[in-house]
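Undergrad: Have a look at the structure that comes next, please.
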Amino acid sequence: MADEAPIGVFDSGVGGLSVLREIRARLPQESLLYLADSGHVPYGEKSPDFIRERCRVIAEFLLERGAKALVVACNTATAAGVADLRERYPALTVVGMEPAVKPAAQATRSGVVGVLATTGTLKSAKFAALLDRFASDVRVITQPCPGLVECIEAGELESPGTRALLAGFVQPLLDEGCDTLILGCTHYPFVKPLLREMVPSGVVLVDTGAAVARHLETLLVARGLLASGPARVRFWSSGDPSRLARVLPILWGENGTVSNCSV
């Protein structure tokens, strides 16, 4: 039955697990397929054409395994590829990510919002459109974070290296008076505890994983595609499956078997 089919979720690597956690919390009866494109991580420095092609290949892989919906759990991949996927599969439920510019603009008291994101996200037309639409009345300061994704991919959430890297990205935003920080990459919620140590208690941290899970639920309800369970979760990696398996207990909260994906 179509409603009992799984939901396909993918990211450049392990970052989308932060979204997968929110989907499981919101929709525990849904079976999930997760593909980490770790053979090509990070996406942030790749060209839009390259990322768009990866989205197509991964979508085909997940659809061949019965996915009833796709969640592009990556801001950079959403910016480059989600419109193409929706055009290719007009009948399919396709959910993407976007930096939480609107809620951040509403939350700021100082009128200064900081954005931590990948270079690819910050350069995208989709991000520029979000700023034009929702942030015309606030000052937005962007901060690319090269190297941070790689630390999180390795499960180094609190290492001295990760701490130093993150502090170097965050302090300039605080110096500019930011009281609201957008976590504009799905990897970044995993360092939220570390980030919370670095910023004053009044600084608001905003990400979109829970909102994406709510939106997915709304679409599945509207299309009569909610499952009743039992649920199963399957994992693939286009890189070394053992690397994803090692960090699953840290980032997903439990062990899991990871299969190799050669696409």
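Undergrad: Looking at (1) under 30 Å from Pro6 (Cβ atoms); (2) of a type in the set (Lys, Arg); (3) modelled with pLDDT under 95, which is the one condition that is false for Arg88?
TA: Arg88 satisfies every listed condition except (3).
Undergrad: To continue, here is another question. Could you please let me know if Pro6 is modelled with pLDDT of 95 or more and surrounded by 18 or more Cβ atoms within 10 Å (Cβ to Cβ)? Write out each step before concluding.
TA: Values: modelled with pLDDT of 95 or more: yes; surrounded by 18 or more Cβ atoms within 10 Å (Cβ to Cβ): yes.
It is true that Pro6 is modelled with pLDDT of 95 or more and surrounded by 18 or more Cβ atoms within 10 Å (Cβ to Cβ).
Undergrad: For residues in region 113-141 being among the β-branched types (Val, Ile, Thr) and in a helix (DSSP H, G or I), which is surrounded by the fewest Cβ atoms within 10 Å (Cβ to Cβ)? Can you show your working first?
TA: Kept after step one, since they are among the β-branched types (Val, Ile, Thr), are these residues of region 113-141: 113, 115, 118-119, 121, 138, 140-141.
Subset that is in a helix (DSSP H, G or I): 119, 121.
On the way: Thr119: 17, Thr121: 27.
Looking at residues that are among the β-branched types (Val, Ile, Thr) and in a helix (DSSP H, G or I), I get Thr119.
Undergrad: Also, quick follow-up: Looking at region 101-151 only, could you name the residues that are of a type in the set (Asp, Glu) and free of Cβ contacts under 8 Å to residues at least 60 places away in the same chain? Before you say what the answer is, go through the steps one by one.
TA: Residues of region 101-151 that are of a type in the set (Asp, Glu), as a first pass: 132, 137, 150.
Answer for region 101-151, where residues must be of a type in the set (Asp, Glu) and free of Cβ contacts under 8 Å to residues at least 60 places away in the same chain: Asp132, Asp137.
Undergrad: Kindly indicate whether any position in region 163-173 is outside the structural domain of Val72 (by TED's automatic domain parsing) and touching a Pro at 6+ places or on another chain (Cβ under 7 Å). Break it down into steps so the answer makes sense when it comes.
TA: Here is the first cut: in region 163-173, the ones outside the structural domain of Val72 (by TED's automatic domain parsing) are 163-173.
If we keep only those that are touching a Pro at 6+ places or on another chain (Cβ under 7 Å) too, we end up with none.
The answer is no; no qualifying residue exists.
Undergrad: Can you pull out every residue in region 121-148 that is touching a strand residue (DSSP E or B) at 6+ places or on another chain (Cβ under 8 Å) and β-branched (Val, Ile, Thr)?
TA: Val138, Val140, Ile141, Thr142
Undergrad: Take residues that are more than 18 Å from Trp236 (Cα to Cα), touching a residue at least 40 places away in the same chain (Cβ under 8 Å) and outside the structural domain of Pro241 (by TED's automatic domain parsing) and tell me which of the helices (runs of 4 or more DSSP H) falling wholly in region 1-95 contain 2 or more. Even if it seems obvious, please write down each step before you answer.
TA: Working: elements: 17-26, 48-64, 75-88.
Result: empty, no element qualifies.
Undergrad: While we're on this one: What single numbered condition from (1) at pLDDT 95 or above; (2) more than 22 Å from His215 (Cα to Cα); (3) touching a strand residue (DSSP E or B) at 6+ places or on another chain (Cβ under 6 Å) fails to hold for Ser110?
TA: Ser110 satisfies all of (1) at pLDDT 95 or above; (2) more than 22 Å from His215 (Cα to Cα); (3) touching a strand residue (DSSP E or B) at 6+ places or on another chain (Cβ under 6 Å) except (3).
The values are calculated or read from the model by the stated rules, or taken from the named source; none is laboratory data. Worth saying up front: this structure is predicted, and the values here are computed from it rather than measured. FYI the Cβ positions are ideal-geometry reconstructions off the backbone, even for glycines, and counts take in every protein chain you see.
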